[in-house]
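FYI, it's all coordinate maths here, none of it is from the lab. What you see is a predicted model; the values in this text were computed from it and never measured. In this analysis, Cβ positions are derived from the backbone assuming ideal geometry, glycine residues included, and neighbour counts consider all displayed protein chains.
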Protein chains: 2
Amino acid sequence: MDIKEIKVMKKILNINDRIAEELRISLKDKGIFYINLMSSPGSGKTTIIEETAKKFGKKIFVIEGDIQTTLDAERIAKLGIRTYQINTGPFGGDCHLESGWVKSAIEEIDLEGIDILFVENIGNLVCPAEFDVGAHINTVVLSVTEGEDKPLKYPLAFRNSQLCIISKTDLLPYLDISIDKIKENIKNVNPQMEVIELSAKTGDGFEDWVEYLKKNKK
Amino acid sequence: MDIKEIKVMKKILNINDRIAEELRISLKDKGIFYINLMSSPGSGKTTIIEETAKKFGKKIFVIEGDIQTTLDAERIAKLGIRTYQINTGPFGGDCHLESGWVKSAIEEIDLEGIDILFVENIGNLVCPAEFDVGAHINTVVLSVTEGEDKPLKYPLAFRNSQLCIISKTDLLPYLDISIDKIKENIKNVNPQMEVIELSAKTGDGFEDWVEYLKKNKK
């Protein structure tokens, strides 16, 4: 890689960061709380959004990021929630979302009456953390089935986020996993990170998440 | 992105593919069966290698790919199995391994007496599938906890692999997941893909994996 290339890359990153900052300010001005959900594939992001939608109804808008398929968007739309699909497949199957794509989506969306905007990022614990999409809160969803060591192994996602949702806690009795160890590893990587433990299936802990949203969307 | 950049990228990919092909041939000539394990974070790759090591002992060598930490390599080394850690953190936290890095690792390794070489790729169901590391068999490890739709949502990993290990089957009684649906989705994306279902925890189905290795390492 020669110097010319590095310069180009920096330029792309700067544009991404600039658009991200614009999005952050403009959505705050509109009174919309904007949350970016990042995680490994299958951590339960879509299920959490589904259950959240049942509490907040049409005050939610969801931008779905996927490489292929509209499966997650279809799940959300079935609940009567408005949703917009970004598929990165046509652009080479990109492994993350960028602020420019979110901006383009938002330009096509009627945000009237929306209190909370979710971006469900591509299922990937590595690359999405490298690209600011302009959210007010970056959230990592970590399923208890993924093991205790993930904050240590994928530190950037945890460092660049303000909240960790530890999901699928209903499975804890069947795993050799200590939730205290997970939380200890989170604190080692990001001492300021807030943590909410929940099971979207049983509803355990879900009220904490609803309270968090109510508190922040003001 | 201008034309010059695209040219550079193609050149990099060509070099990666050429080194991959050299690795594939040279390890075959040495009688070593080379397997690349790819998956989401926390699907159980390291646990599968640990249990495999208990069956094959010192005939196994493991190259561990991680962004940060040597946690997985330490788990393997504890069993007396030789292992080599590639950390991509110092190179910008790369989200995948490349053939050149595996080649550099192999040049430092004494492969005398080794029958099976595992590469445990970075935990990421997107990017590793884009880079041929020269393995004889690419394997996707998919935990039942990740849901039924993952082959459809991350098709490249499934298309570029020959084997899928469906892991953590001991958790099936506690999930609303149909393993037949997972297999149907795998077949839709890659009709030729072999599938092994196992639980490294209970040992259920593990014998099929051991047989698969014995058959292929000849």
Against the definition (in contact with a Phe, Trp or Tyr (Cβ under 7 Å, 6 or more places away or on another chain), surrounded by fewer than 24 Cβ atoms within 10 Å (Cβ to Cβ), more than 10 Å from every other protein chain (Cβ to nearest Cβ) and not β-branched (V, I, T)), how does A:H96 come out, yes or no? no
Whether any residue in the range A:195-208 is part of a loop (DSSP other than H, G, I, E, B) and of a type in the set (K, R) is what I want to check. yes
Applying the selection to the range B:43-55, what residues are in a helix (DSSP H, G or I) and buried (at least 16 other Cβ atoms within 10 Å of the Cβ)? B:K45, B:T46, B:T47, B:I48, B:I49, B:E50, B:E51, B:T52, B:A53
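For (1) more than 14 Å from chain B (Cβ to nearest Cβ); (2) in a helix (DSSP H, G or I); (3) crowded, with 23+ Cβ neighbours inside 10 Å; (4) aromatic (F, W, Y), each residue gets a yes or a no:
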{"position": "A:I109", "(1), (2), (3), (4)": "yes, no, no, no"}
{"position": "A:E112", "(1), (2), (3), (4)": "yes, no, no, no"}
{"position": "A:L117", "(1), (2), (3), (4)": "yes, no, yes, no"}
{"position": "A:L125", "(1), (2), (3), (4)": "no, no, yes, no"}
{"position": "A:A129", "(1), (2), (3), (4)": "no, yes, yes, no"}
{"position": "A:V140", "(1), (2), (3), (4)": "no, no, yes, no"}
Taking the criterion of being among the basic types (K, R), more than 24 Å from B:R159 (Cα to Cα) and touching a Ser or Thr at 6+ places or on another chain (Cβ under 7 Å), would at least one residue in the range A:72-90 satisfy it? yes
Scope the range B:65-90; condition within 11 Å of chain A (Cβ to nearest Cβ) and part of a helix (DSSP H, G or I); matching residues: B:L71, B:D72, B:E74, B:R75, B:G89
